[in-house]
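Just below is one structure, and these are the notes that go with it.
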Amino acid sequence: MTKLQAGDRAPDFTLLDQDGQSRSLHDFLGQKVVLTFFVGAFTEACTKEVCEFRDSMARFTNQQAQVIGIRVIDPSQIAGQNYLPYPMLGDSNLEVTKLYGLEPQETELPSFITVNRAIFVLDKEGIIRYFWASKDPNADPNYDEIYSVLEAIK
């Protein structure tokens with residue numbers, strides 16, 4: 001699989017959001033984008049991350065940045081339970097996950113696939129300016145680093 005890195009153009013994609021509406025990455029260009037891939041449903045780390053982004057929306061808005069979440073399972077449940085003010089997209093066929101170079105991983109639960117947690121920060125033209133990923137589902141991204149990268153993008 002291709003591993004994307006800072007300086008690469010982020011691949012465009014189209015997925016359905018928590019409301020069943022089709023969303024494409026190119027619809028969000030013209031503003032900074034924080035694209036975050038979530039491991040699975042309702043793990044402590046996953047819930048903490050979606051809520052961190054939710055609770056920091058003012059910081060993202062001030063930086064003219066749009067948060068977009070991607071999950072390999074139905075996005076509507078986590079979006080509804082956590083009152084997310086940003087789109088949560090479903091990637092059940094793992095097409096976008098693989099396009100972004102993230103490795104699907106089987107779990108101990110039958111028929112449950114997860115992916116590495118990952119964050120891509122894109123500039124207004126869709127160029128990757130920051131990338132973080134972890135195979136440890138309990139690892140937290142460095143949120144201050146993400147905010148600093150957004151602030152540095154003009």
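Here's a check for you: in the range 5-28, which residue that is out of contact with any Leu (no Cβ under 8 Å at 6 or more places or on another chain) and among the hydrophobic types (A, V, I, L, M, F, W, C) is surrounded by the fewest Cβ atoms within 10 Å (Cβ to Cβ)? Filtering the range 5-28 for residues that are out of contact with any Leu (no Cβ under 8 Å at 6 or more places or on another chain) and among the hydrophobic types (A, V, I, L, M, F, W, C), the one surrounded by the fewest Cβ atoms within 10 Å (Cβ to Cβ) comes out as A6.
Yes/no matrix, rows are residues, columns are (1) among the aliphatic types (A, V, I, L, M); (2) at pLDDT 75 or above:
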site: G20; (1), (2): no, yes
site: S24; (1), (2): no, yes
site: D27; (1), (2): no, yes
site: F42; (1), (2): no, no
site: T47; (1), (2): no, no
site: A58; (1), (2): yes, yes
site: D74; (1), (2): no, no
site: N82; (1), (2): no, no
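Does at least one position in the range 113-127 carry a residue that is assigned to a helix (DSSP H, G or I), modelled with pLDDT of 85 or more and under 20 Å from L15 (Cβ atoms)? No, the range 113-127 contains no residue that is assigned to a helix (DSSP H, G or I), modelled with pLDDT of 85 or more and under 20 Å from L15 (Cβ atoms).
Can you tell me which condition N93 does not meet? The list is (1) surrounded by fewer than 14 Cβ atoms within 10 Å (Cβ to Cβ); (2) of a type outside the set (F, W, Y); (3) modelled with pLDDT of 90 or more; (4) within 23 Å of F13 (Cα to Cα), and all the others hold. Every condition holds for N93 apart from (3).
The values are calculated or read from the model by the stated rules, or taken from the named source; none is laboratory data. This is a predicted model, so every value here is computed, not measured. Neighbour counts are summed over all protein chains in view; Cβ atoms, including those assigned to glycine, are modelled from backbone coordinates with ideal geometry.
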